[in-house]
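What follows is a single structure, written as structure tokens, with notes after it.
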Amino acid sequence: MQEKNNEKILVIGACGQIGVELTAALRAKYGNENVVASDIREESKLIKGTGPFVILDAMDAEATRNLVKKEKITTIYLLAALLSATGEKNPKLAWELNMGSLRQILDLCVDEKIKLFWPSSIAVFGPTTPRENTPQRTVVEPTTMYGITKYTGELLCQYYNRRFGLDVRSVRYPGLISWKSPPGGGTTDYAVEIFYGAIKEKTYTSFLSENTYLPMMYMDDAIRATIEIMEAPAEKIKSRIAYNLSAISFSPKEIAESIKSQIPDFKISYAPDFHQPIADSWPQSIDDSVARADWGWKHEYDLEKMVADMLKNLKEKLKKG
Ligand code: AKB
């Protein structure tokens, strides 16, 4: 159901894995014309024709400011980023894009009194962090450039909130699993690729070893969490450092077994590569009790429910071609 209010939203990075689904969810809620989608890439066919779209480089402060003023934007979701695996291939660009976009948008949001969502990640944690049920507040020494940008970003967001009163909110996404739009450049991407392999070829070679446990979440839960934290009353957002967010934790072997229960002749093999040390530096599971207590976060999808939904929807999508 559409909500009547004066929200005018800008999604930056709207053609990425999260962006296309978040844009669609926000448009369904706030009205198509009230959600401006933007990306440096051409418009994704998944959102084409559903509302306004603008080509925008998230590092271009002047163009962003002009757009925000022209459209009278009240809320920004800044999703443009280089993820962990791509970030290790190009650490300089990861720093420039992830930090450059955030800095300019934080300043813009202060000037124009805009509310901001900026995603963090489990990548803020490192090998010295407790790996199981990682608490909200713990040792944070990331070893990837992506993780370094995410933790620096968290500190910046907290600084802008304390210093300038900016209403900026953030969560630490785990690996996100979705069928509508593919992920790009993450260490957790195997958990999406495996479904394509299972449906198309009944086989998949995992770039992570069989017992590599990582925190994961189905996209439906992630989108709901994003909108819920943004809609929560400000007094409930007690932490302006990103909230731990959790749903499922599994290994390649476990997800393969779950897929096998529906595709019995599916076979998985393992060829760990440069992604493995990144995964090994991250937590295996996350304690998100603070998000649950502060703004009522609750996940809906467990492994079985997620696998069933992925297989059903991805099979239909691939059939349509
Ligand atoms: C990645 O693997 O880089 C991302 C993340 C966990 O933030 N999916």
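The residue that is nearest to THR203 (Cα to Cα), among those in region 243-265 that are among the charged types (D, E, K, R) and assigned to a helix (DSSP H, G or I), is LYS260.
If a residue must be among the polar types (S, T, N, Q) and within 11 Å of the ligand (Cβ to nearest atom), how many such residues does region 201-220 contain?
Going through region 201-220, the residues among the polar types (S, T, N, Q) turn out to be 203, 205-206, 209, 211-212.
After this cut, where a residue has to be within 11 Å of the ligand (Cβ to nearest atom) as well, the list is none.
The total comes to 0.
Exactly one of (1) part of a helix (DSSP H, G or I); (2) hydrophobic (A, V, I, L, M, F, W, C); (3) more than 16 Å from the ligand (Cβ to nearest atom); (4) farther than 30 Å from LYS236 by Cβ is unmet by ILE268. Its number? Going through the list (1) part of a helix (DSSP H, G or I); (2) hydrophobic (A, V, I, L, M, F, W, C); (3) more than 16 Å from the ligand (Cβ to nearest atom); (4) farther than 30 Å from LYS236 by Cβ, ILE268 breaks only (1). As for region 189-200, it holds at least one residue that is within 16 Å of the ligand (Cβ to nearest atom) and farther than 14 Å from ALA256 by Cβ.
Filtering ALA85, ALA123 for residues that are under 15 Å from the mean Cα position of the chain (by Cα), within 16 Å of the ligand (Cβ to nearest atom), buried (at least 24 other Cβ atoms within 10 Å of the Cβ) and touching a residue at least 60 places away in the same chain (Cβ under 8 Å) leaves a single hit, ALA123. For region 126-170, the tally of residues that are in a helix (DSSP H, G or I), in contact (Cβ under 8 Å) with a residue 60 or more places away in the chain and surrounded by fewer than 18 Cβ atoms within 10 Å (Cβ to Cβ) stands at 3. Only residues that are within 15 Å of the ligand (Cβ to nearest atom) and either within 18 Å of THR187 (Cα to Cα) or assigned to a helix (DSSP H, G or I) (or both) were counted across region 51-82, and they come to 4. A Cβ distance below 9 Å, combined with a sequence gap of six or more or placement on separate chains, defines the contacts here; from region 25-44, residues that are free of Cβ contacts under 8 Å to residues at least 40 places away in the same chain reach residues that are among the hydroxyl-bearing types (Ser, Thr, Tyr) and crowded, with 21+ Cβ neighbours inside 10 Å in the pairs VAL35/THR23; ALA37/THR23; SER38/THR64. Cβ separations smaller than 8 Å between residues 6+ apart or across chains give the following pairs from region 174-189 residues that are of a type in the set (D, E, K, R) to residues that are within 7 Å of the ligand (Cβ to nearest atom): ASP189/ALA85; ASP189/GLY175; ASP189/PRO183.
For region 173-191, which positions are in a loop (DSSP other than H, G, I, E, B) and either touching a helix residue (DSSP H, G or I) at 6+ places or on another chain (Cβ under 7 Å) or of a type in the set (S, T, N, Q) (or both)? It would help to see each step written out before you state the result.
First, pick out the residues of region 173-191 that are in a loop (DSSP other than H, G, I, E, B): 174, 178-189.
The answer is PRO174, SER178, TRP179, LYS180, SER181, PRO182, PRO183, GLY184, GLY185, GLY186, THR187, THR188.
Of the residues GLU7, GLU21, GLU42, the single one that is modelled with pLDDT under 95 and of a type in the set (Asp, Glu) is GLU7. Could you list all residues from region 193-233 that are farther than 30 Å from LYS115 by Cβ and in a helix (DSSP H, G or I)? Listed by number, the residues that qualify are GLU193, ILE194, PHE195, TYR196, GLY197, ALA198, ILE199, LYS200. The selection criterion, being within 30 Å of THR23 (Cβ to Cβ), away from the ligand (no atom under 16 Å from the Cβ) and buried (at least 22 other Cβ atoms within 10 Å of the Cβ), holds for ILE229.
The values are calculated or read from the model by the stated rules, or taken from the named source; none is laboratory data. All figures in this text were calculated on a predicted structure; none of them were measured in a lab. Positions of Cβ are backbone-derived with ideal geometry, glycine not excepted, and every protein chain shown enters the neighbour counts.
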